[in-house]
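For reference, the structure discussed in these notes is given below.
Read the figures in this text as sums done on the coordinates, not as results from a lab. Bear in mind the structure is a predicted one, so any value in this text is a computation, not a measurement. For neighbour counting, all protein chains shown are included, and Cβ atoms are generated from backbone atoms with ideal geometry for every residue, glycine included.
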Amino acid sequence: MTLIYDSAENDWDSTSFDAAKFHTACDGQANTLTIMRSNTFNRTFGGFAAVAWDSEGLWVEDPDAYLFSIDDQTKFYQEDPTRPAVYHDAQDGPSFWDLFCFNDLGSNIQCYDRIG
């Protein structure tokens, strides 16, 4: 496993966000594991994407994608694997069907999850 992007090294925090840095490092990369830490809720979670990241502004099908909670040691698969699972957009960070990281049109990154 190789680290291709580390938000701590790329100024990704609640006060500055540059999606271009994520996409410069990750576009074209497939079979990636995204790990996130919520300091607010003291939780660690993330997702796996088999498809390569892109900046095209589209939802992409990925039947092998899944989300996970490290704290609960659980894995979540999409209920319908034929539905789009991964969102690719130049303005946003890594986003899955129930885990979203996007630019709020200011300088802040917002991340929401529905995996518990």
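A few points about this structure:
- Packing-based order for 63-71, 30-38, 89-97, using average beta carbon neighbours within 10 Å, highest first: 89-97, 63-71, 30-38
- Label point distance in nm, A30-R83, each placed 7 Å from Cα along Cα→Cβ: 2.5 nm
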